[in-house]
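J.: Attaching a single structure in structure tokens format; questions to follow.
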Amino acid sequence: MTGSSSPLPVDSADVDAAAVVLAGVAVRTPLLSPPVLSERVGAKVFLKPEVLQRTGSFKFRGAFNKLSSIPPGARGGGVVAFSSGNHAQGVAAAAQILNMRATIVMPADAPLSKRERTKAFGAEVVLYDRDREDREAIAKDIAAKRGATLVPPYDDPKVIAGQGTVGREIAEDMAALGLAPDIVVAPVSGGGLIAGVATAVKARFPKAMLMSAEPDAFDDHARSLRAGRREPHKAEGRTICDALMASIPGEITFAINSRLLTKGVTASDAEVGVAVGYAFRELKLVVEPGGAVGLAALLSGQIDARGKTVVIVLSGGNVDAELYAKLIG
């Protein structure tokens, strides 16, 4: 966490404005405190289940806030996004509600359920090879040819502010309970969710420790926070956390996260699998691997939680049935 005093790209007023836009459209997900989990880790644990959000992940919040900000005269060209799945569905659903055309550039190896659900919201899906092609370049080319608006998955102030409503609700619900969170953890890919959550939570609870959670090796945020500058991860191959494979933190997101986050934690694919199964059996929640990485870090002891009040964001629940059956079995 750096000590610069310059204004941040997104502040709590931006999150408040996003909350107004999202009111009555996004689901205000509950803050749960399962006794079985709190007893297991010796802490007061709360869960923010964004698996219950529209499209099954937090991504709808940022997508709808961004699309709503597009002037009516510029909506005719539609929107273009690039995503492995959750941002894709969020943008597609938001575009459907706002009666806009959506084109989504998705990796050919994205979970089938995410691709099919994106199409079900009325979006056109353009597939690309994750190893050989540049998804952002493809999306920019389509947007330029169609006069469409590009909707980034995380590195955009409107998207970050929308995701920040997750943190705003956490802060409001904790305050209503008369509690202050000691630790708040959220899964991280490009960093938009944790940047928004940190912005909102820190505004109300400045002493709270905010942490990013990533798969082992795909730890670009943890590396960057330690180094004080954006650094890529060194991972090769894949992780079951398909939603968390961005190679380096976003520029805008890291400008926020480098100031507001305490550190990053990680969990192995095996630990994530255990967490997915635990959420199914003990919490009765369907959580995708990427959405469970914070819970995995908690269950595996990567977070010093004993005696503390901890909030874990379960960021999404979109997982292929075949993989899910394997993990819970």
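Quick note: the coordinates plus some simple rules give every number you see, no bench work behind them. Since we're looking at a predicted model, the values are computed, not measured. Every residue, glycine as well, gets a Cβ built from its backbone with ideal geometry; the counts of neighbours run over all protein chains shown.
J.: Please compare each pair in 207/308; 140/263; 48/284; 66/234 to a cut-off of 23 Å on the Cα-Cα distance and tell me which ones are over it.
T.: 140/263; 66/234
J.: What range in the chain is the longest one free of GluC sites (Glu not before Pro) that are in a loop by DSSP and have at most 16 other Cβ atoms within 10 angstrom?
T.: In short, 1-132.
J.: Could you order the peptides 212-218, 61-67, 242-248 from most to least packed, using the average number of other C-beta atoms within 10 Å per residue?
T.: Values: 212-218: 25.6, 61-67: 30.3, 242-248: 21.6.
Top of the packing list down: 61-67, 212-218, 242-248.
J.: Only loop residues by DSSP count here, and only those with at most 14 other Cβ atoms within 10 Å; note down the trypsin sites (Lys or Arg not before Pro) in region 236-329 that meet that.
T.: Details: sites: 238, 259, 263, 281, 284, 306, 308, 326; in loops: 238, 284, 306, 308.
Qualifying residues, ordered by number: 238, 284, 306.
J.: Of all trypsin sites (Lys or Arg not before Pro) in region 137-237, which ones are in loop regions per DSSP and have a Cβ with at most 11 other Cβ atoms within 10 Å?
T.: 207, 234
J.: Would you please give the FRET efficiency between residue 146 and residue 227, computed as 1/(1 + (r/R0)^6) with r the Cβ-Cβ distance and R0 = 56 Å, to the nearest 0.05?
T.: Calculated value: 0.90.
J.: For a Förster distance of 56 Å, can you work out the FRET efficiency between the beta-carbons of residue 235 and residue 20, rounded to the nearest 0.05?
T.: According to the calculation, E is roughly 0.90.
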